[in-house]
Amino acid sequence: MAEYHMTTPLSDEDVSKLEAGDIVYLNGTIYTARDAAHKRLVDLIEKGEQLPFDLKGSVIYFVGPTPPKPGEPIGSAGPTTSYRMDSYSPILIEHGQKGMIGKGKRNEAVKEACKKYKAVYFGATGGAGALIAKAIKKAEVIAYPELGPEAIRKLEVEEFPVTVINDTHGNDLYEMGRAKYEVKD
Amino acid sequence: MRQIAYDDLVKSVKAMVMHTASHLPEDALAAIEKAYEEEQSEVAKSVLKQILDNAHLASEEDRPLCQDTGLAVYFINVGEDVKVVGGSIRDAINQATEEAYKEGYLRASTCDCFDRHNLKDEVGYNLPAVIHFDIVPGDRIEIEYAAKGGGSENVSRATVLAPAQGKEGIKNFVKQVISDAGPNPCPPIIVGVGIGGTFEVAAKSSKHALFREAGTPNPNPDLDAFEKELKEELNKLGIGAMGMGGTQTVLAVHIEKNPCHIASLPVSVNVQCHSSRHSHITL
């Protein structure tokens, strides 16, 4: 279990050295998107139109934050459950996305895309929204403001703590962790 | 007949809702602290530490514990000898919910089922509240409240077993639901189990079971023993905090049981994430 400090955009080399269970502190720009925004991004790709941000090397955080209090960049901002993005993530990964941050299991298609196109799925601690918000220094809605909490935001983060769940080698921390502690009768 | 002013009801409920969003109740905090002490996996332990740090930070700085500030769920027992004057109880609860969510900078999460658009501008900010009323003897209004997140609700399941499947069938069903849920509902979790009644009574009971303080015994000794047995079984799954693998997956199992039809054995499992935000007031 290694520890890394990385700055976005991430390269193939960055993500290839990561293994399930590693702790990564992310710095730089990351983007937020949930189901509704993912659907729009995939629609744009299918139509061959330009996306609201550069996918190459990008990290997308699955989050719908609470509204910020006056003077603060963002409200509480922990991860949402990731499986709802499973049907969209492989297409974004194929087009250059390198990292996803969420919580919960991904399907085989996502894991396969992580292997084939070199991308990783990071887990953040669900329900730690107040704590995680401390790592977010700036937030700006850059697309789909009408989606409210589901709009795409550009976040500037410092030492944003995540754990590698699915790496580029096909490992899955959820399966590994559970296998280690499961008691079979 | 005792009277309660509409505005007083709104004020009390609103204060409770705002407070609950950022203050994890003592019972949940104590249960997580215990899990932290007992956890064997270092990775899961570090997750539990983050969860505890988050709870302290949220409380100190009055920030929502989680960005999913939930749907507002209420169980309300209205005494037969009390009347709210100046408006209806339902309106008061909805008004208190809307004001608390807006003024507390909480997230509005109610949407249309099909086109998924947020209903904050037409129905109201995070409205409608989910309200389960009951009429009881007395001149008090008892209000139990929970901010119920979507992630743990999504893995909840109900079924109707054949009577012959009995306790073993219930155990297998609960185990399957929690095993399938894995990391998704933000473990360590509290598991509410509704047994008996009709299909919807089982579901409602499984929700209400989550309102009991974690760590308190079930008043029925048989059910208390069954709860402990289920908790032990579920912790053998090895899911651990946030699914990273570990010995502490379930903080508590709470069961509510009702008489049922001779042909049926309804069972419902409602899951509560570790951010078990609940509160109650009596007026």
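FYI, it's all coordinate maths here, none of it is from the lab. No experiment lies behind these values; they were computed from the predicted model shown. No Cβ is skipped: glycine too gets one built from the backbone with ideal geometry, and neighbour counts run over all protein chains shown.
Observations on the model:
- The ranking of A:T125, B:T247 by Cβ neighbour count inside 10 Å, starting from the fewest, reads B:T247, A:T125.
- Magnitude of the charge dipole for chain A, about its Cα centre and with charges confined to Cβ atoms of Lys, Arg (+1) and Asp, Glu (-1), is about 280 debye.
- Kirkwood Rh, angstrom, the protein assembly as shown [1 / mean 1/r, Cα pairs]: 22.9 Å
- Checked against a 32 Å cut-off, the cross-linked pairs B:K34/B:K175; A:K134/B:K228; A:K184/B:K49; A:K134/B:K14 give Cα-Cα distances beyond that limit for A:K134/B:K228.
- 15 Å beta-carbon shell around B:M1, net charge (K/R +1, D/E -1): 0
- Legend note: in chain B, cysteines whose Cβ sits 4.7 Å or more from every other cysteine Cβ are B:C66, B:C111, B:C113, B:C260.
- Taken along the Cα-to-beta-carbon direction at a fixed 7 Å, the label points for B:Q3 and B:K175 span 5.9 nm.
- Reciprocal mean inverse distance between Cα atoms of chain B - Kirkwood radius, Å: 19.6 Å
- Within the shell of other residues whose beta carbon sits under 14 angstrom from the beta carbon of B:I281, the net charge comes to 0, with Lys and Arg scored +1 and Asp and Glu -1.
- Computed over region B:151-275, Kirkwood Rh from alpha-carbon pairs, angstrom: 14.1 Å
- For residues of A:67-78, the mean tally of beta carbons on other chains within 10 Å: 4
- Fluctuation leader among B:V193, B:V13, B:V123 - chain B, Gaussian network, Cα springs under 10 angstrom: B:V123
- Label-zone membership for region A:104-133, site A:M176, 7 angstrom Cα→C-beta point, backbone N under 18 Å: A:104-108, A:111-116, A:118-125
- Cross-link partners of A:K39 among lysines (Cα-Cα below 23 Å; sequence separation of 8 or more within a chain): A:K47, A:K56, A:K98, A:K103, A:K105, A:K111, A:K115, A:K116, A:K118, A:K154, B:K120
- Per-residue Cβ neighbour counts within 10 Å put A:F62, B:F173 in the sequence B:F173, A:F62, beginning with the fewest.
- Value of [θ]222 nm, deg cm²/dmol, for chain A, DSSP H segments ≥ 4, -39500 (n - 2.57) each, nearest 500: -7000 deg cm²/dmol
- Value of [θ]222 nm, deg cm²/dmol, for chain B, DSSP H segments ≥ 4, -39500 (n - 2.57) each, nearest 500: -12500 deg cm²/dmol
- Neighbours of A:S16, meaning other residues whose beta-carbon lies under 14 angstrom from its beta-carbon, give a summed charge of -1 when Lys and Arg score +1 and Asp and Glu score -1.
- B:V82 versus A:A2: modelled label distance in nm, points set 7 Å from Cα along the beta carbon direction: 6.2 nm
- Set of aspartates and glutamates near B:K148 by C-alpha distance (under 16 Å), chain-local residues within fewer than 8 positions excluded: B:D68, B:E98, B:E213
- Using a Förster distance of 25 Å, the FRET efficiency for A:D12-B:N154 (Cβ separation, nearest 0.05): 0.15
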